[in-house]
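Here is the structure we will look at, set down as structure tokens.
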Amino acid sequence: MSVIRVVSYNIHKGRSATGSRESLSALRLGLYGLRPDLLFLQEVQGRNQRHSSLDAQHESLAAALRMEAAYGCNAVRTGTDHGNALLSRYPIISFENQDVSDHRLEQRGLLHGIVRVDDACVHCIVVHLGLFAGGRSRQVLALLERIRRVVPDHEPLLIAGDFNDWDNRLAPLFVEQLGLVEVFAAAPQGVDEIYRLRRKVARLRDAMPWFQSSGGLMRSPELGMSGHAARLTPPPRTFPSAFPWFRLDRIYQRGFAVRRARVLHGAPWKQLSDHAPLLAELELP
């Protein structure tokens, strides 16, 4: 049995929540304190020829945390590029970055790494989906096709990142077609006090039809373990980090038991990036 600490974080290219200053040094220290085993990072600069302190961010973080790193370059600009990164305390056996860009204004990719945890091959896919609903749907279809093609059903799977899915419309695709579970939906009650209170508020909203009809949170149906329709537990609010309102970030898993799930609010996280990071403790049988 292995307990794995998983963090998903959009690091905003190593700049603060407002973009006014560099935050990579403080971010490095914050991540070190979390003791992650797997890091799913988005908006990572692989190259910055203008500011050397922001160059090769995946390598800088990996060196400080003593982790292996894989980088998927997606968006190339004059003097810079950025994309997704996977950092791991375990050996990264292989990785591939699949281009899923929907149009030339947004370059997106799926970074798929295979990590060896004891005797298991764990498939880790870092995602940062597009800003437009149509593009996100097509990118998720490409993700589903990739998983069906190259990920065996019996091998553990983690998909984490910035889904930009603020209305939670894509969740049923992951749940119904891939058998994935979002970690906050599976975490034991009472693990995260803030999140537990938010779930109470969500249940109260469910009991008020007038609230839903007036623009409150509508949740999509999910197939439960028995095959009957159930309601999705909404993922936590992660954006903007200073006053989280939008539910953009996710960690989906298959093959693990969820021991704990938290969204990291407050200091120092609200200053380090415009997103709040997610932390999950997962048990691999």
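Here are a few things to note about the model shown:
- Residue match in segment 81-89 (condition: out of contact with any strand residue (DSSP E or B) (no Cβ under 7 Å at 6 or more places or on another chain), modelled with pLDDT of 90 or more and not acidic (Asp, Glu)): yes
- Residues of segment 1-26 classified as closer than 29 Å to residue 121 by Cα and either of a type in the set (D, E, K, R) or buried (at least 19 other Cβ atoms within 10 Å of the Cβ) (or both), total: 8
- Checking 65, 34 one by one, the residue that is surrounded by fewer than 21 Cβ atoms within 10 Å (Cβ to Cβ) and within 18 Å of the chain's Cα centre (by Cα) is 34 and no other.
- Scanning segment 117-159 for residues that are touching a Ser or Thr at 6+ places or on another chain (Cβ under 9 Å), surrounded by fewer than 20 Cβ atoms within 10 Å (Cβ to Cβ) and closer than 21 Å to residue 101 by Cβ gives a single hit, 135.
Residues are listed down the side, and each one gets a yes or a no for (1) touching a residue at least 24 places away in the same chain (Cβ under 8 Å); (2) among the small types (Gly, Ala, Ser); (3) not in a strand (DSSP E or B):
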position	(1), (2), (3)
70	yes, yes, no
82	yes, no, no
122	yes, no, no
153	no, no, yes
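One line per residue, one yes/no per condition, for (1) assigned to a helix (DSSP H, G or I); (2) in contact with a Gly (Cβ under 6 Å, 6 or more places away or on another chain):
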residue	(1), (2)
42	no, yes
47	no, no
61	yes, no
64	yes, no
86	no, yes
110	no, no
125	no, no
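- The residue of segment 63-108 that is nearest to residue 133 (Cα to Cα), among those that are in contact with a Cys (Cβ under 8 Å, 6 or more places away or on another chain) and not β-branched (Val, Ile, Thr), is 83.
- Scan of segment 103-118 for residues that are modelled with pLDDT under 90 and charged (D, E, K, R), ordered by number: 104, 106
- Leading residue by the ranking (nearest to residue 32 (Cα to Cα)) among those in segment 78-102 that are surrounded by fewer than 17 Cβ atoms within 10 Å (Cβ to Cβ) and among the charged types (D, E, K, R): 96
- Counted residues, segment 112-164 - those being among the small types (Gly, Ala, Ser) and within 21 Å of residue 235 (Cβ to Cβ): 6
The values are calculated or read from the model by the stated rules, or taken from the named source; none is laboratory data. All values reported here derive from a predicted model rather than from experimental measurement. Positions of Cβ are generated from backbone atoms using ideal geometry, with glycine treated the same way; all protein chains shown enter the neighbour counts.
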